[in-house]
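The values are calculated or read from the model by the stated rules, or taken from the named source; none is laboratory data. Everything quoted here is computed from the prediction, not taken from an experiment. Using ideal geometry, Cβ is built from the backbone for each residue, glycine included, and neighbour counts are taken over all protein chains shown. When the accessible area is computed, the model is the full protein with side chains, heavy atoms only, and any ligands, DNA or RNA have been set aside. Shrake-Rupley method; radii C 1.70, N 1.55, O 1.52, S 1.80 Å.
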Protein chains: 2
Amino acid sequence: MEILKNRIISEGKSLDGGVLKVDSFINHQMDANLMFKMAEEFAERFKDCMATKIITVEASGIAPAIFVGYLMNLPVLFVKKKNPKTMVEMYTTTVHSFTKDREYTLSVSKEYIKANDKLIFIDDFLAGGNAANAIIDLAKQSGANIVAMGFLIEKSFQKGGDTLREKGYNVHSLAVIDDLRNNKIILRD
Amino acid sequence: MEILKNRIISEGKSLDGGVLKVDSFINHQMDANLMFKMAEEFAERFKDCMATKIITVEASGIAPAIFVGYLMNLPVLFVKKKNPKTMVEMYTTTVHSFTKDREYTLSVSKEYIKANDKLIFIDDFLAGGNAANAIIDLAKQSGANIVAMGFLIEKSFQKGGDTLREKGYNVHSLAVIDDLRNNKIILRD
């Protein structure tokens, strides 16, 4: 998606260790208009998926996910990194965060994910695929199907996307970064 | 706001300990269309505030905040509960979460909050006002002004709203809960 790629080129920074800093418009400060346009792209790509629900992981996935839910007229479920007092019956799984270098327990209420759900998973980044695999695990526990996955930015060199596609998942990324070495950003055409 | 009050009456549950469970449409599963309508209400109320930026706290504040940012054409900054690798220079403060009963350190990058900013703080709940006070602290550290605060649901019996209004803050809540005792929900007219 050109508008996103141009923004990554103009504002993104390639930090040591394969980290792409896009916190001026994606995952700390957010450009709401850009988020809306990216969600429009997902809504168009996923319009024939017969989805029943959007699912994401807090926190950076929520903004794109809520716009996709709005545009597709679907409820949006965000998986939690802690389980609050109000959640009783839940599915849980663990995930490793690349950016924060720690393990999380993810929880989702059994009330909101059912065996007949067709889920679209939306997140900001696809790197090693840890969050996606956690969602796959939660979906399996509930019996729900994942009909599509949409990511704003995929870091192809971390291979999560390849693995998910090999498993047959319908994975869409709006911008693909092929290399971040030497503090450069190599975007796929 | 009638549409929100009706939804609280039909789907909300009053749990022991003053907890309002609205996780079917607000803070776990989210109704994106309702979020959009609530954001329209905030955008209308705050249209003369000359705001430069929307600020919120991850995670439940992000959905209403991103819609308000979209409608008001303003960037949306979400304060983080952890500081990721990509954040270097930051303001930090601590906050106590009522629902989760624990302390958080909140962080915001100095890059995105400046002395000339006029902030609108958006969050899902106003209870004791802990998150709001943390935002006030972060704004003070940066020199920014808070021109308005918008909450989806205020629990008036926890007094955070009263305290903020007494201090002169421009606080708006779309639904006010006056009492949750005995597992009842008493909404203000």
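The figures follow:
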item	result
Chain B - Kirkwood radius from inverse mean 1/r over Cα pairs (Å)	16.7 Å
The stretch B:97-189 - charge dipole about Cα centre, Lys and Arg +1 at Cβ, Asp and Glu -1, debye rounded to 20	100 debye
Most positive-pole-ward Cα, A:Ala51, A:Tyr104, A:Phe151, against dipole of chain A from beta carbon charges	A:Tyr104
Straight-distance crosslink candidates among lysines, where the alpha carbon sits under 17 Å from B:Lys82 and sequence neighbours closer than 8 are dropped	A:Lys21, A:Lys80, A:Lys81, A:Lys82, A:Lys100, B:Lys100, B:Lys110
Positive-end extreme of charge dipole, the stretch B:5-134 - chosen from B:Pro64, B:Gly129, B:Met87 (charges on Cβ)	B:Met87
Point-charge dipole on Cβ atoms (K/R +1, D/E -1) for the stretch A:40-110, about Cα centre, debye to 20	360 debye
Accessible surface ranking that places the most exposed of B:Arg7, B:Arg165 first, with a 1.4 angstrom probe	B:Arg165, B:Arg7
Degrees between helix A:130-142 axis and first principal axis of chain A (Cα, 0 to 90, nearest 10)	10 degrees
Whole-Å distance, taken between Cα centres, linking the stretch B:107-122 and the stretch A:21-51	23 Å
Degrees between helix B:62-72 axis and first principal axis of chain B (Cα, 0 to 90, nearest 10)	70 degrees
Student exercise, the protein assembly as shown dipole from Lys, Arg, Asp, Glu Cβ charges, in Debye to nearest 20	540 debye
Descending semi-axes in whole angstrom, ellipsoid equivalent of the protein assembly as shown, from the Cα gyration tensor	31, 25, 18
222 nm mean residue ellipticity, helices alone, for the protein assembly as shown (DSSP H n ≥ 4; -39,500 (n - 2.57); rounded to 500)	-9000 deg cm²/dmol
Acute angle (nearest 10 degrees) that the helix A:32-45 long axis makes with the longest principal axis of chain A, alpha-carbon atoms	70 degrees
Packing-based order for B:43-52, A:15-24, using average beta carbon neighbours within 10 Å, highest first	A:15-24, B:43-52
Inter-chain shielding of A:54-65 (mean C-beta neighbours from other protein chains, 10 Å cut-off)	5
Relative contact order computed over chain B (Cα-Cα under 8 Å; 6+ residues apart), in percent	20 percent
Per-selection metrics, the stretch A:6-107 (Cα): Rg and Dmax in Å	15.6, 45
